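Report on the following structure.
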Amino acid sequence: MTAFSMLHLSDTHLSARMNHFRRNNELMLERLKDADHDLIIHTGDITLDGIRHADDFDFCHSFYKGLDRDIHFLPGNHDVGDNPRLSRPAGENGSAIDGTRMARYLAHYGEDRWVIDRERWRILGINSLLIGSGPATRERAERVGDGTAGRPRRSSSGTV
């Protein structure tokens, strides 16, 4: 079995409007350019406030594009919103997830779920914010397993 390395990023909270975390992220980007990780995963809160400011997504997209590496993204509540049963809707300046907020994320990052097979590992990335979030996003949540369709089963014994 060949080894591979994975780097996990989270909660970068990037925005062109605020400088709170920018220097830390610039330092991280410098290190990532020299890193030799086989796989980079960002598990949410890519933006500082992407649910209210579309330009946060534009800024983040160009920020990571400078890395010239594949990064697999999943959204966080700062990117697509929170469970609508626990949050107010966008019309009330709330943070509830909705179709518009999901569409904004998908326009920049393509998918909110993915499957990566490496050696004996199968890594599933899912948008867990959709779970229990109501009918508007239920169809996407029900399709979480679609990415594994047609792929060979994985065995705990290590046989592929």
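Summarising the label geometry, the points placed 7 Å from Cα in the beta-carbon direction at Asp11 and Asp55 lie 2.7 nm from one another. Putting +1 on Lys and Arg Cβ atoms and -1 on Asp and Glu Cβ atoms, find which of Leu39, Asn25, Ser5 reaches farthest to the positive end of the dipole of segment 1-61. So the residue furthest toward the plus end is Asn25.
Summary value for segment 41-87: 58 percent relative contact order, contacts being C-alpha pairs under 8 angstrom separated by 6+ residues. Once you have a ≥ b ≥ c as the square roots of the Cα gyration tensor eigenvalues for segment 31-86, tell me rounded if a/c is under 1.5, and otherwise prolate or oblate according to whether a/b is larger than b/c. It comes out oblate by the Cα gyration axes.
Rounded, prolate or oblate, given the Cα gyration tensor of segment 1-123, with a/c below 1.5 counting as rounded? Write down the numbers at each step before the final one.
On the way: a/c = 2.51, a/b = 1.47, b/c = 1.70.
Here segment 1-123 falls in the oblate category.
With R₀ set to 30 Å, the beta-carbon distance separating Glu26 from Arg120 gives a calculated FRET efficiency near 0.25. Here's how it looks for Leu7: its modeled amide H is under 5 Å from those of Leu39, Ile40, Ile41, which are all 5 or more places away or on a different chain.
Computed from label points 7 Å out along Cα-Cβ, the spacing between Leu67 and Ala35 is 0.6 nm.
None of the figures in this text is laboratory data; all of them are computed from the coordinates on show. These numbers come from a predicted model, not from an experiment. Glycine gets a Cβ as well: all are built from the backbone with ideal geometry, and neighbour counts include every protein chain shown.
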